[in-house]
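The values are calculated or read from the model by the stated rules, or taken from the named source; none is laboratory data. This one's a predicted model, so the numbers in the text were calculated from it and none came from an experiment. Cβ: placed from backbone, ideal geometry, glycine included. Neighbour counts: every protein chain shown.
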Amino acid sequence: MICPATRDEALTQLADFVPRAPLYARDRNHVIPGHPAVSRLSPAIRHRLVTEDEVAAAVLAVHSPDRVEKFVQEVYWRRYWKAWLSLRPEVWHDYLAALRALPDSPAVHRVEAADSGNAVIDHFARELVGTGYLHNHARMWFAAWWVHEARLPWEAGADFFFRHLLDGDPASNTLSWRWVAGLQTPGKTYLARRSNLEKYLAPDLLESLAQGLPDFENPRSYLPDIPARVPITRPELPAAEPDFQLTSGLWIHDEDLSPESSPIATHEFTAIIVGDNPSSRDAFAVPTAKRAWLDAALTDAATRAGRHWQLPTARVDGPDLAASLLSWAQNTGIQQIVTLRPEVGALDDALPQVTTKLAAAGIRLALVDRPQDLALRPLATAGFFQFRERMLKRTKPTESAKNPR
Ligand SMILES: Cc1cc2nc3c(=O)[nH]c(=O)nc-3n(C[C@H](O)[C@H](O)[C@H](O)COP(=O)(O)OP(=O)(O)OC[C@H]3O[C@@H](n4cnc5c(N)ncnc54)[C@H](O)[C@@H]3O)c2cc1C
């Protein structure tokens, strides 16, 4: 598997990458089969088999900051997108509404089936569907072609990526597509140019995909109406703190698969349940290969949590998340379910219904935040570089993150 689905494998992949991290700035843009110049840790980071801090701290423990600046900066980009969307969750909801309103499009189906008529695009569509991963540059070229050359709706492209990418993420994916389309930085689009493909595509690939290059010869921006600046609508997260006087159970989900290294690590629980929202897998038509990766990652989290808390772990089962959590809580005599707060996205959207159903049976749902997430979200009021400056002033990798095992 190109992207590890367990924490141990992710840490091993991180350790293998650390000696190569100083070469990242020079080599990272090259799209080479197997992707040796990048870490391929994004699914592990997105689902928090490892945290952003652990990854940054691992390279900074061995190299001076200036030698690995570019790599650490890319990890900060993820932080920035997450914090930005957390302050403006309606961007996610608007995207979903626009996606639902789109008419069925044979042209979209053709591209997704690697039958676009462009060899480069078909190659990356096959790679995406086959592996659940695409190099960053391939994502940019693909999205730019989709929006500016094929003039297909960006929301449908974002949905194609979100469904198949193992790292599919409401923040990084939606906001990157918006950026390519010219919505995120109003008036600025990303265009994929033939010269750029010729520079960064591996020579063998370039030769075999040559038929697709003319489409990238003279790209022209398909500019949307200049959008209004997106206001901050959620400056504060709704409070839902745990009350540890209550008998508590721990719910582990795919938004954060390392609760044993979170603020709840030292709390006592009487039972543990592990699982994501089965109905959102169906709603987003998550393909079988991605389901298998998620299940492997959830199983890994269950094993680690079982060891950490010395408890057996149950699994969310059946199609209804709220019903599954409720019956588990009732069977185990739990008064409160504690979980790490999901970021903006499908699981977060399901929480009101879960909370209501549990509350009707007298059971609380409590949400816990990682301090680093809370510290960073207010910093994403403007652009990335401002965020980065503010972040560097405020945060230093923790000692425990320097030695993750
Ligand atoms: C159209 C488009 C869609 C994208 N969708 C997603 C997505 O759904 N999920 C996702 O995690 N990333 C997404 N990205 C960002 C980026 O492409 C991936 O994070 C990166 O390619 C993952 O590969 P890697 O782990 O080898 O990255 P590396 O180059 O090794 O970087 C290390 C880590 O930094 C973070 N990172 C790197 N580049 C970016 C970036 N440009 N933006 C945000 N974080 C970054 C990732 O967590 C990554 O694992 C998207 C980019 C584009 C252009």
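Worth pointing out:
- The set of residues from segment 5-42 being within 19 Å of residue 254 (Cβ to Cβ) and away from the ligand (no atom under 11 Å from the Cβ) comprises 5, 6, 7, 8, 9, 11.
- Criterion: without any contact (Cβ under 8 Å) to a residue 12 or more places away in the chain, hydrophobic (A, V, I, L, M, F, W, C) and not assigned by TED's automatic domain parsing to the domain that holds residue 184 - qualifying residue of 329, 360, 271: 360
- Among (1) surrounded by fewer than 22 Cβ atoms within 10 Å (Cβ to Cβ); (2) touching a residue at least 60 places away in the same chain (Cβ under 8 Å), the one test that residue 98 misses: (2)
- Any hit, segment 322-331, residues being among the hydroxyl-bearing types (Ser, Thr, Tyr) and modelled with pLDDT of 95 or more: yes
- The helices (runs of 4 or more DSSP H) found wholly in segment 109-198 include none carrying at least 3 residues that are over 22 Å from the mean Cα position of the chain (by Cα) and in the same structural domain as residue 285 (by TED's automatic domain parsing).
- Among the criteria (1) surrounded by 20 or more Cβ atoms within 10 Å (Cβ to Cβ); (2) in contact with an Asp or Glu (Cβ under 6 Å, 6 or more places away or on another chain), the one residue 127 does not fulfil is (2).
- Taking the listed residues 129, 50, 91, the one that is within 16 Å of the ligand (Cβ to nearest atom), within 28 Å of residue 350 (Cβ to Cβ), modelled with pLDDT of 95 or more and touching a His at 6+ places or on another chain (Cβ under 7 Å) is 129, with no other qualifying.
- Any pair with Cβ under 7 angstrom, 6 or more apart, that starts in segment 301-326 at a residue that is in the same structural domain as residue 256 (by TED's automatic domain parsing) and ends at one that is of a type in the set (Asp, Glu): 304/260; 305/260; 308/260; 324/317
- Verdict on residue 70 being under 13 Å from the mean Cα position of the chain (by Cα) and either within 10 Å of the ligand (Cβ to nearest atom) or over 29 Å from residue 347 (Cα atoms) (or both): no
- Residue list for segment 386-396, filter: modelled with pLDDT under 95 and either assigned to a helix (DSSP H, G or I) or within 16 Å of residue 339 (Cα to Cα) (or both): 388, 389, 390, 391, 392, 393, 394
- Filter result for residue 250 (surrounded by 20 or more Cβ atoms within 10 Å (Cβ to Cβ), within 25 Å of residue 356 (Cα to Cα) and touching a residue at least 24 places away in the same chain (Cβ under 8 Å)): yes
- Residue in segment 119-131 that is out of contact with any helix residue (DSSP H, G or I) (no Cβ under 8 Å at 6 or more places or on another chain) and among the β-branched types (Val, Ile, Thr) present: yes
- So residue 174, is it surrounded by fewer than 22 Cβ atoms within 10 Å (Cβ to Cβ) and within 21 Å of residue 228 (Cβ to Cβ): no
- Qualifying residue in segment 184-197 (condition: touching a Lys or Arg at 6+ places or on another chain (Cβ under 6 Å) and not basic (Lys, Arg)): yes
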